[in-house]
Every structure is written in structure tokens, then in C-alpha cells.
Amino acid sequence: MTSTEQASTTRPMIEFRDVTKTYDGGQPAVDSLTMDIERGKITVFVGPSGCGKTTSLRMINRMVEPTSGRILLDGQDVAEQKAAELRRSMGYVMQSSGLMPHRTVLDNIATVPRLNGVARSTARARAKELLDVVGLAPELGRRYPGQLSGGQQQRVGVARALAADPPVLLMDEPFSAVDPVVRAELQSELIRLQRDLAKTIVFVTHDIDEATILGDRVAVFAVGGRLAQFADPEEILRAPVDDFVAGFVGRDRGFRHLSFQEGEDVTIHPIETIETGRLADPSVTVNSPWTLLVDAEGRPHGWVPEATRESVTSQADAVPGGSLYTRGDSLRRALDASLSSPSGLGVTVDDDGRVVGVVRAAEVFELIEAGRLDRGRANYNTAV
Amino acid sequence: MDYSSSNLFVQMGEWLSDPENWSGSRGIPMRIAEHLGYVGLTMLLALAIAVPLGLYVGHTGKGRVLIVSGVGILRALPTLGMVFLFALLFSRGVLPAVWALVLLAVPPVLSGIYAGVSSVNRTVVDAARSMGLTEWQILTRVELPNGLQVMLGGVRAGVLQVVATATVVAYAKADGLGVFLVEGTQINDNGRLFGGAVVIAAVAIAVDGVMALLQRFAISPGLRTTRPVARSQQESGRQEAVASAQGGTT
Ligand SMILES: Nc1ncnc2c1ncn2[C@@H]1O[C@H](COP(=O)(O)OP(=O)(O)O)[C@@H](O)[C@H]1O
Ligand SMILES: [Mg+2]
């Protein structure tokens, strides 16, 4: 008994073993796929449209049957399990929410627990909790899916997939149909959720940015259902294995790669500030070319240039700032903050959004260069 | 019956307003009850045949061609002709007439049920299957409630046709509202003939109204609210909060 338990905690959650799927008479949609999907991690399938991502995903819960090969879930061949039961053990979220239009949001979320025989009142109570988990107001529970926005529907879709607390979540382009602002929000909430839940998530997307943001591991699929590269997102960006992956990852990969370089070491310089309440008083002068405007809590609200101090009498007159760099965030954020700032100084804040200082683009570049040297040395060492 | 005028409408009005025609076992209320009894029996049989068949074909997609051509053939059959054919082939009495009516009711009901299942958004069905609903659960908990509007439309059309055509029973047995038509023709009583026709029309309208109400109340409110609500206050509020938390502008 103990030996199997041990085996099941160390072995991958999902194993593809030489899996091929050929739809009627065509080219293989998935070609000899062998890969291990780690327990408790987000594994992203990414690649251009039609390269077999959805097919691969749907073979896990037997919505598609492989032509040959085996898929193991926790060591068990999925083909030997009852399809309906297997599917209930995995949450499934798709691009269009697929919510049942005739049921209220709460009843939609409660679907799988109800199928598993949980009493209606218990299932609804759990559904209410989940509304909160996915960041929806309780009163939305009584609405019907048709009365929700696209982003809200996707949240309900995620809640529904989580309802029976399955160890595995399958997500097929769940955020592709919502606008970019909502998408970014949903992505960061998924990361937040995953921190607590530690589910084994298989996430399909065609967006390399989304893949590198979310994935602990990224599988790049190429046309014809070939797995081109399966690695950490950092490695995919830094060292694409072939021209296909390099081309897919795109021109900005150098910049994207900075997301994986920690900004711990970047120097934070002090900056002179002026409080919003004191702007109207002309006797308060500023003494450096760019002075940062902050409110009483120390949160940034734009810049006051020395040259035009007299004309800035309220917050509305200040020069709008660039993006913010939260201390400790990646070098990409640090670089963006400094490059987008009108003063060339990247405003740096703590976790509560209070100003702690500024970073300079030139110094961020120095760190990038230093990192490159370190990696070069490491590669040299492993090569020797 | 003696009429005060030879005008068709006057005769019809006089027949309809004669209290004698509204009482007894041969009166209008009794005939309506008989008529509706036959309609009910016919519909029970038609539903028993068409609902399982329509659900099966709609859900599995198997035998779609058979259904479409079968429905076409059934629709081409003359009901009165079938009454006589069944009477000759099988038995006397009302059953041949009822079966002929069943043949009339099956096509609209069958195509309604089939179309109802087909009308359900395939994405919703796919999502339901992916979550682990069995095929039976998909049929009963997803396809049936979501296709109900269209399905009841088919049933309603069937009921309406049967109400109007159940007069054929009178050719087999002196029952139902058809009796007024048969008698009216036989004894050349135009008041009775057209009065009877008006009663049939009124009954048809009333039954259709009841069906319409049923259709209204049987449908989930979620399927009536198609109004896509713009992003709620709450969500846009959250977005702003997140946007600023995620590195908005200084
Ligand atoms: N049900 C199906 N029947 C036939 N061909 C299919 C079916 N589903 C997908 N395909 C084909 O298989 C290939 C891979 O599709 P899919 O897995 O959906 O790719 P992706 O999700 O990466 O866009 C495509 O060429 C697609 O046309
Ligand atoms: Mg796809």
C-alpha cells in the first residue's frame, strides 16, 4: 500500500505515451506525443491554430479517443475508466463559457457536486463560496448566464470547474474571448488561485505571452501535431530549440525574457516628493528637475517639472507618470517603468503602492548584461 | 329547426343562441367534452410515439434522413381517407379515426422534438459532456429544458391540427363536434353546419391559448433573458482597481 502511495506522489499526474490521433483519413492531428505533466503545476500547451492542442487536451478526459498510444492519469490508463466518472474528476473550462443558459449561476456552479450526489443545499452553499473565490459578488448567483458579461461568465466557468475540488483542471483557451484588460485580470487571478489550490492545470492557449506568464512548464506544439519543445518558459524564450519555436516565440522574446530575471539587485534611488495638498501654495518650491507628486499616503500621482512649477497648482496639472515598478518585481517591469516615465526615472513602490524611490534604465541594462555574463559562465561550466 | 331568415349568418346565430343546443347529451358542451377527449387520446398516443423517437434522433443524430422523409410522407396522407382505410382494414368504431388522427399529429410533434434538441447550443452540450454528465443526463437536463420552447411549438401545432380535424370521428361514431357538421350536411341545416364550424374554431383558439400559456410558464426565465447586460458596475469597478494595482500610472 505504502509503495503505491509513494509512487503516486512522485510520478507525474498525467503521462502521454506515444499518443497519436488521426481524424478520419487526414494527417495526424497529434503525432506520437510523449510527455509528462507534473503534479500541482500549470502546464501550458501553446502553438498556432490547428496544431493539435485542443485534441491533446481532450484526449485526457476522453472527449477524444486516441488512435494509438496511452494516457495515464495518476498511473491509471484513462481508457480503462468510465468516461463520465473520469470527466467528473477533472474540471473543464473552455473558451466560450458553455454555461447552461436555463440554470442560474449558482446552479451552474453546483452541477458536478450535484451529479456526485451532494445535497442541493450543500452544493449551493459551496457554490456561493466559489463565487467569492473567483471574485464575483454574491448577488450574481441568482442571475442567469445570459445576464452576465463575457468576463463574468468565464469566472463562473472557472468556479464551476473548481466546484467538486478536482485535482486536475483542463482549460482550453479560457481567456481568449475576453478583452485584454479582463484577460490580464483573469490571468493574475488564476495565478493567485493556483498559489492556494496547487491543482494540476493543463492550459491551452495560442498566445505565447499568456503561456510564459502562466506556465510553470510550456509545451510548444508545431503544425502537424508535433511537440516542438517542452521546457520552462524561461528556457523557451532564451533557448528556442529550432526555427519554428524561435519564430513562434517572436521578435519580442528578448524583452519578454526579462520577465524571468529578478530585479532584486536593481538600485533604488531616493526621489524628492511633494504632497498634493501643498501644490496650491506657491511658496512651496521644488529643487530638482523632476519632483514626484504623492498623496498623504505616499502613493504617486504624476510629476512636477521644476521649469513649470508655478503652473502646477493641482493634481490635474501634473505630468502623468509611466508604469509602476513594485520593488522586487522582474527586470522587465523595472525597465518598462523607467522607459515609460517622462522623467526617465522609474517610480518604484512597495507592496502597498507607496513610493520607495526610483530606478534608472541604464542601471537596469547593467544588470541585464551582468546576468548574461553569469549565464555564459554557467553554460561554459556545464559544457566543460 | 326553423329559422327566421334564409341568411346564413342569421341562421348560424339563431342556432348558436338556441338554449336547446346547449344542453343534454347532444348539446354543444357535451360535444366539446367528447371532442377534447379524442384530442387528448390522440395526443397521448402521438406523444408516446414521437417524443422518444424525436429525442433519440435529435440526441444521437442517427436516422435523421429517415425522420425527415417519414414526416414528409405522413404529411401527404389524407386523414379522412385514412379513417376509411383503417375502418376497412381493422375494425369499426372510433379507433380507426383516432389512429388516423395520430398519423396527423405525429409529423409536427416529431419534427418539433427533433428540431428542439437540434436547436440547443452544441457548445453547451459539449461542456456538459466534458463535465461528466452521462448521455441520459445530457438529454434530460440540458437538451430537454433548452429545446423545450421549440418542442412545445411542435406539440402546439399538432394539437391545433388535431382539434380541427377530430371532426372525422363523427364519420365512425356520432361523437364530438364533427357530429354537427355531418348532421348539418345530411339534413341540410346550414345553421347547424356553420354554427358547429364556429364552435370548432372557438375551441381551437381556446386550446391554442392554453398551450401558449403552458409554453410560457414551462420555459426557464434564463432562456427568455437574452439581453446581454453590459459589463456590470461591479466588474468595471474591479477592473479599475486591478489596473491601478497592476502598474497603472503614477
Ligand atoms: N472533430 C474533428 N474532426 C476532424 N478533424 C478535426 C476535428 N477536431 C480537430 N480536427 C483537426 O485536427 C487538427 C488539430 O485541431 P485542434 O486540436 O483543434 O488544434 P488547436 O486546438 O491547436 O487549434 C486540425 O487540423 C483540425 O482541423
Ligand atoms: Mg483549440
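The values are calculated or read from the model by the stated rules, or taken from the named source; none is laboratory data. These numbers come from a predicted model, not from an experiment. No Cβ is skipped: glycine too gets one built from the backbone with ideal geometry, and neighbour counts run over all protein chains shown. Areas reflect the complete protein model, heavy atoms only, side chains present, ligands, DNA and RNA absent. Shrake-Rupley method; radii C 1.70, N 1.55, O 1.52, S 1.80 Å.
Only one residue of B:TYR114, B:GLY176, B:MET82 has its Cα farthest out toward the positive end of the dipole of the range B:35-249, where Lys and Arg carry +1 and Asp and Glu -1 on Cβ, and that residue is B:TYR114.
The mean number of partner chain beta-carbon atoms within 10 angstrom of a residue's beta-carbon across peptide A:88-99 is 4. With just the Cα atoms defining each centre, how far is the range B:122-192 from the range A:144-173? Give it in Å. Result: 38 Å between the Cα centres.
Among the chymotrypsin sites (Phe, Trp or Tyr not before Pro) in the range B:81-148, those located in a DSSP loop and surrounded by at most 14 other Cβ atoms within 10 Å of their own Cβ are B:PHE90. Mean per-residue shielding of peptide A:177-186 is 3, counting Cβ atoms of other chains within 10 Å of each Cβ.
How high is the relative contact order of the range B:35-249? Use alpha-carbon pairs under 8 Å, at least six apart in sequence, and give a whole percent. In percent, rounded to a whole number, it is 21.
A Cα-only calculation for the protein assembly as shown places Rg and Dmax at 35.9, 122 Å. Of all aspartates and glutamates in the structure, those lying under 13 Å Cα to Cα from A:LYS199, and not within fewer than 8 positions of it along the same chain, are A:GLU38, A:ASP165, A:ASP216. Scattering from the range A:16-120 was approximated by placing one identical point on each alpha carbon and applying the Debye formula without solvent; log10 I(q)/I(0) at 0.11, 0.12 1/Å stands at -0.43, -0.50. Between helix B:79-89 and chain B there is an angle of about 70 degrees, using the helix long axis and the longest principal axis of the Cα atoms. For chain A, the antiparallel share of DSSP beta bridges with both residues in that region comes to about 55%. Post the alpha-carbon centroid distance, the range A:189-268 to the range A:285-327, in whole angstrom. The distance from the Cα centre of the range A:189-268 to that of the range A:285-327 comes to 36 Å.
With the convex hull constructed from alpha-carbon coordinates only, the range B:1-157 shows a mean projected area of 13.3 nm² over all directions.
Put B:LEU213, B:LEU47 in order of accessible area, highest first, and with a 1.4 Å probe you get B:LEU213, B:LEU47. Taking a cut-off of 15 Å, what percent of all Cα-Cα pairs in the range A:273-366 are separated by more than that? Counting every Cα pair in the range A:273-366, those more than 15 Å apart make up 56 percent. Looking at the range A:167-293, the DSSP beta bridges with both ends there are about 40 percent antiparallel. Here the range B:35-249 has an Rg and Dmax of 24.2, 94 Å, counting Cα atoms alone. Across B:THR140, B:THR79, B:THR165, mean-square fluctuation computed from a Gaussian network of chain B (C-alpha pairs under 10 Å connected) peaks at B:THR140.
Against chain A, whose longest principal axis comes from its Cα atoms, helix A:180-197 is set at around 70 degrees.
Taking the Cα atoms only, what angle lies between the long axis of helix B:233-245 and the longest principal axis of chain B, rounded to 10 degrees? The two axes meet at around 20 degrees. Averaged over peptide B:118-128, the number of partner chain Cβ atoms lying within 10 Å of each residue's Cβ comes to 4.
Computed from the alpha carbon atoms alone, the convex hull of the range A:81-123 holds 85 Å³ per residue. Taking GluC sites (Glu not before Pro) in DSSP loop states with no more than 16 other Cβ atoms inside 10 Å as exposed sites, chain A has its longest site-free stretch at A:39-263. Surface listing: B:ASP175, A:ASP317 arranged by accessible area from highest to lowest gives A:ASP317, B:ASP175, probe 1.4 Å. Find the percent of Cα-Cα distances in the range A:12-251 that exceed 33 Å, and round it to a whole number. Above the 33 Å cut-off, the range A:12-251 has 17 percent of its Cα pairs. Counting only trypsin sites (Lys or Arg not before Pro) that DSSP places in a loop and that have at most 13 other Cβ atoms within 10 Å, the longest clean stretch of chain B runs over B:93-250.
Solvent exposure of B:SER23, expressed as accessible area, is near 70 Å², computed with a probe of 1.4 Å over the protein chains only.
When both bridge partners sit in the range A:273-366, DSSP labels roughly 65% of those beta bridges antiparallel.
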